Amino acid sequence: MPFFDLASIGSILTAEYVVRPGVFFAVFALVALWEMHAPRRARIVSRRARWPSNLALIVLNAALIRLLFPAAAVGVALFGAQQGWGLLPLLAWPAWATVVVAVVLLDLAIYVQHVVFHAVPALWRLHRMHHADLDFDVTTGARFHPLEILLSMAIKFAVIAVLGAPALAVLIFEVLLNATSMFNHANAGLPAAVERAVRWLVVTPDMHRVHHSVAPVETNSNFGFNLPWWDRLFGTYRAAPAAGHRGMTIGLAEFRDAGELRLDRLLTQPFRDPAAPRPLGRPGAAT
């Protein structure tokens with residue numbers, strides 16, 4: 001059973017509190033600049049109408065996590081290691097191999113969770129707020145309902161405990177997941193040749209944007225957030241939207257009213273049935 005002294009526990013927890021938010025802000029700023037200089041699509045709604053609510057959700061969710069789960073996922077991994085929990089420690093693999101396998105399996109768990117949140121109606125009511133954004137950019141990558149965030153954290157804690165994932169693997173996974181979620185929600189694109197190569201290694205914006213299409217067959221594809229392999233392996237991969245990236249409509253057919261972008265409407269959305277939609281038009285309507 002791995003032994004952690006107070007110094008090593010403190011170092012890992014400090015890294016979780018410092019490295020993770022540091023990477024978040026750095027990647028957010030870089031992706032936002034990338035979008036400004038090379039947008040993939042014209043917006044249909046201004047940032048002024050969308051960003052305040054999306055950013056408020058980021059702050060609210062971060063505060064809830066710190067309040068309710070102060071040690072977060074890394075703390076669960078540290079406690080599990082002290083208690084000897086999980087399957088991976090039983091294999092007695094080299095530490096580096098255990099870390100790599102744990103990161104990959106955690107990513108698989110997120111993929112499965114994402115598919116389930118689309119398939120189960122009660123869970124979809126929570127998750128659909130993420131899809132109801134009328135544009136697709138870096139803020140969409142962190143736009144989740146607080147109840148979905150809390151449920152996702154509970155699921156993640158259970159997976160970490162069952163796997164016996166090392167704390168270092170959990171820290172790496174959390175940092176990667178945050179960074180890639182902002183990257184693959186970018187309203188930007190890579191050069192075609194680069195994009196074709198990169199999407200074999202990580203989910204790209206062009207790959208994930210398909211998942212935010214208004215067409216249900218496209219919404220229910222490309223579930224991966226980080227590693228792109230699961231969609232190909234389980235038959236949920238779709239190379240491109242039928243209407244093309246500039247012609248596709250982002251969002252959900254039942255939530256097209258600009259009033260639904262307000263924070264109060266976002267927070268109450270899971271508990272409401274949608275009103276009659278009022279289409280906002282095609283990409284390019286915003287300035």
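Read the figures in this text as sums done on the coordinates, not as results from a lab. Values in this document were obtained by computation on a predicted structure and should not be read as measured data. Using ideal geometry, Cβ is built from the backbone for each residue, glycine included, and neighbour counts are taken over all protein chains shown.
Summarising the label geometry, the points placed 7 Å from Cα in the beta-carbon direction at residue 162 and residue 192 lie 4.3 nm from one another. From the alpha carbon centroid of segment 15-92 to that of segment 137-167 is 9 Å. Calculated [222 nm] ellipticity per residue, helices only, for the chain: -19000 deg cm²/dmol; basis is -39500 (n - 2.57) per DSSP H run with n ≥ 4, divided by all residues, nearest 500. Screening the chain for DSSP H helices whose Cα atoms reach 20 Å or more along their own axis and whose mean Kyte hydropathy is at least -1.0 gives 6-37, 47-68, 95-119, 146-163, 167-184. P(r) tail, segment 42-155: Cα-Cα pairs separated by more than 21 Å, 52% of all pairs. Here the residues 236, 180, ranked from fewest to most Cβ neighbours within 10 Å of their Cβ, fall in the order 236, 180. Shape annotation for the chain: C-alpha extents along the principal axes are 59, 42, 35 Å, from largest to smallest. Of the residues 221, 46, the one with the fewest other Cβ atoms within 10 Å heads the list, and the complete ranking is 46, 221. Modelled label positions at residue 119 and residue 90, each set 7 Å beyond Cα in the direction of Cβ, lie 2.5 nm from each other. With N as its number of residues, segment 158-275 has a Cα radius of gyration that, divided by 2.2 N^0.38 Å, comes to 1.24. Close amide-amide hydrogen proximity is noted between residue 238 and 222, each under 5 Å apart and 5 or more residues distant or on a separate chain (H modeled in the peptide plane; Pro and chain starts excluded).
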